[in-house]
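Q: Before we start, here is the structure in question, set down as structure tokens.
Where a number appears in this text, it was derived from the coordinates with a stated rule and is not lab data. Model, not experiment: these values are computed from the prediction. Counting neighbours? That spans all protein chains shown, and the Cβs are built from the backbone with ideal geometry, glycine included.
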Amino acid sequence: MRWFLLAMTALALAGPAAAQTKDAPAEPLTLTLRGDEAPETVRKLVDALSAGGRRVEVRVGGVPAEAPVPAEPAGKAAKAPKPPPAPSLAETTDTQAEALVDYFVSGLDYGRAAIPSVRFLPGDWLRSWSLNRNASPTTRLFVSLALALGIALLFRFATARWFAARMRPRAEYFTARLIASGFGLLQDLLTIALGLVVARLAGSYWLPSDDLAAHALRGITNGTAVGAAYIATGRFLLAPGEPERRLMPLPRAERHFRLLCVYAVIVPIFIVAALLAQRVSGGPEPVAGLVTLSGFVLAAYKVWWFVDARYDLTALVLSGSAEPSHGRRLLAQAMPWIYVAIAVVLWMIGRAAAMMPNGGRWTEAAELTQIIVVLAPILSVGVNSLLTCRQARRAAIAKPTPLAQALGHAVRAAAGGVMWAGGFYLVARIWVGLLFGMSSGQFGQVSRQFASIAVLAFVGWVVMVFLRGFFDAYAPRPRSTGPVDEDVMPEDNTPSRLATVMPVLRGVVLTAVIGLTILVLLSRLGVDIGPLLAGFGILGLAISFGSQALVRDIVSGFFFMLEDAFRVGEYVDTGRLKGTVEKISLRSMQLRHQSGQIHTVPFGQVQSLTNASRDWATVKFNVRLDHSADIEKARKTIKKVGLALLEDPEFGPHFIAQLKMQGVADITDAAIVIRLKFTSKPTQASMLQREALKRVYRGLLEAEVPFASTAVTVREGGGKGAAGAAAITAVPPPSPLAPAAE
């Protein structure tokens, strides 16, 4: 659950909407004229509709008119004027932006000027409270609240053991934690619902009259339910005190839960205060001042919270990937400031809505947007996490095929994308009508035009995710690029032929899919792609003729891979350079030499290639024995060493043919040269040869088979010469493993 941070921050964005003040003008009446009406007729219509101070908006042919259209002169046929052209989208946007700025400035000035009048609200409250028709309203109000709270706490205490047993995760995977946290959320919601029902029943029984006390009870219970819902959501996501079932691993989760609890207490207080102030205030100024103060306090608190949590939000976004991309890093750094900007914009909309003729619609749009901001990330990340957990559990039972892995990536991407696309569509549906004055029919036409483009882009993105997952599943595991330890048995993990070709196909196929998707989208947007295709064809021919070496490299590499001449991880010799194949591209390959150098070899420069890592390898080496050595005893000793190597659990599985002595390869003046050989897997040949030499040397020493000596025997007749020769021959021969004297 790396992206559940959006749920908490969206909850923080959800504050009380700016209540409309009482002096906000009502919705205007629109009078649409054809343009040929007489001025007297228009005047009478306007006077009749504007009775009672109602605002009337006159439109001629659907366009607002500054003044009635004058009548045509007598004797001339009345002719309907030609309606002016509709304003462009840019003009409408600029006009709407200017109007929003004006409304915001007006609302801010009006609210600031109304703040001093807040001091009259206590007196208005006492005066209105004295007019309650219910008997003993204060006592009955507190008794109703205490009864609702007591029954809710009693229910929670009675069911605590049952829910506690089910709130312990049975495993560490996400589904188990989600189920455990879900039981905790269920307990919280049942407690809130029970408290609301009891408060409503008590109010209908003890406060039957619809007076201020009854409204206060309903406002307090509803506000308390809103704050409790915030806390329940925080417990569901952050699980304070129980990190084993935490769904959102937010750094400093305990601190952020406490901040959320403070916010959950402040919001209901401001909501109830604003609603009750509207009922008791003798004028709009005290309510406007209270709303201005509460909105500023909430906006400042949210901005401070986001700034304080900037490092936590960044770390949480980065933790969603083991190797974050540059785009994810940029998003992680920008995420806290995006939330700060959203909080400021919502506060500005609240101030502007208080002065708008249709401020109620703007307030509703802001509230619906906040709900979408909460639900979209929860649904998207929740579905993604459920699918990920399900696939992980299946992978624990049986290793999935590359096709299954790719389908899993595509399904998760499609599910999350559908949730986000639905959220964006709803947000656009809400705000397009307000910002551009677009009706439902017009929005339907525009949405149908862009729907095909959005669907094509979405399908192309899902196909890209599928192909990347498929190619990555077949791609060979990255090999260590550090020095190789010769005393460690190398792994026999040469990838298949398909896995070797996949990295090359990956780049070609993904590039083709991206290019095809872009061309299709341009075609749907009305762009003529014929000249683009012709231009790309000419450019391809120019590159082909101008870069013959590049074409030769690509064609040669294609046939090398078609003939399966080498694979990643194999040791090859190109005649001039040799090493282990580490990477293959469309035009070249990279070889890692034993000394660590990387050789990049274009395929067009490879005339012949020797592969030393395919199928099997026969290793032959010589041992020099003394002329007095028993050859038969040496053969039997070497055979025993070969049998011991076959029975060794570490080295035996890598032999194909047993170590044995082929016979006498040469007889020189100083030694008898015998040849040994064995056949093994090619990747382990060097290690097996070193182990065979070590055991053969030890075995021949134990069998008293002498090795050849480099001692020089000098024969000279009698005297001191004979004594010197005897002293020389008495020097023991050096060990074959002893270092040479400098």
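Q: Please go through the residue pairs Lys636/Lys681; Lys640/Lys681; Lys583/Lys660; Lys578/Lys681; Lys399/Lys681 and name each one whose alpha carbons sit more than 30 Å apart in this structure.
A: Listed pairs above 30 Å: Lys583/Lys660.
Q: All other residues with a Cβ under 12 Å from the Cβ of Val462 taken together, and with Lys, Arg as +1 and Asp, Glu as -1, what is their net charge?
A: Taking every Cβ under 12 Å from that of Val462, the sum is +2.
Q: Counting other C-beta atoms within 10 Å, which of Arg576, Arg177, Arg614 has the fewest, and how do the rest follow?
A: Placing the least packed residue first, the sequence is Arg576, Arg614, Arg177.
Q: Which net charge results for the neighbourhood of Thr159, defined as the other residues with beta-carbon distances under 13 angstrom from its beta-carbon, given Lys and Arg at +1 and Asp and Glu at -1?
A: Spelling it out: positives minus negatives among the neighbours equals +2.
Q: How much net charge surrounds Cys261 when only other residues with a Cβ under 14 Å from its Cβ are counted (Lys, Arg +1; Asp, Glu -1)?
A: +1
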